[in-house]
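Below is one structure, written out as structure tokens, with a few remarks after it.
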Amino acid sequence: MEKAAVVAQKIARLVKAGHPLSYVTHAVERIDAQRAIDASPSAIRAQLLAHYGPTSDFVHLDFIKAALKELSR
């Protein structure tokens with residue numbers, strides 16, 4: 001997904017652990033897929049929690065909201 005890669009580059013700074021860009025892109029792809037089902041940040045967070053677990057940088061609402069904002073452009 002080209003758009004997911006572009007969004008990942010823009011919001012990668014929000015991921016504190018310095019994950020590779022491919023990991024961030026994968027998380028953005030998950031967010032994009034989930035927003036087609038339910039676009040609420042809490043629903044997306046629940047899906048990401050199930051996949052990544054509670055300690056992941058990808059489940060923070062700041063990251064999710066930034067991804068949603070960029071994906072909607």
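One table, with the values for the structure above:
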quantity: Close pairs (6 angstrom Cβ cut-off, 6 or more residues apart or separate chains): under 14 Å from residue 19 (Cα atoms) in region 55-66, at pLDDT 95 or above and of a type in the set (Lys, Arg) anywhere; calculated: 59/45
quantity: Within region 19-73, tally of residues that are open to solvent by 30 Å² or more (accessible area, probe 1.4 Å) and of a type in the set (Phe, Trp, Tyr); calculated: 2
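The values are calculated or read from the model by the stated rules, or taken from the named source; none is laboratory data. Values in this document were obtained by computation on a predicted structure and should not be read as measured data. Neighbour counts are summed over all protein chains in view; Cβ atoms, including those assigned to glycine, are modelled from backbone coordinates with ideal geometry. To get the accessible areas, we keep the full protein, side chains included, count just its heavy atoms, and leave off ligands, DNA and RNA. Shrake-Rupley method; radii C 1.70, N 1.55, O 1.52, S 1.80 Å.
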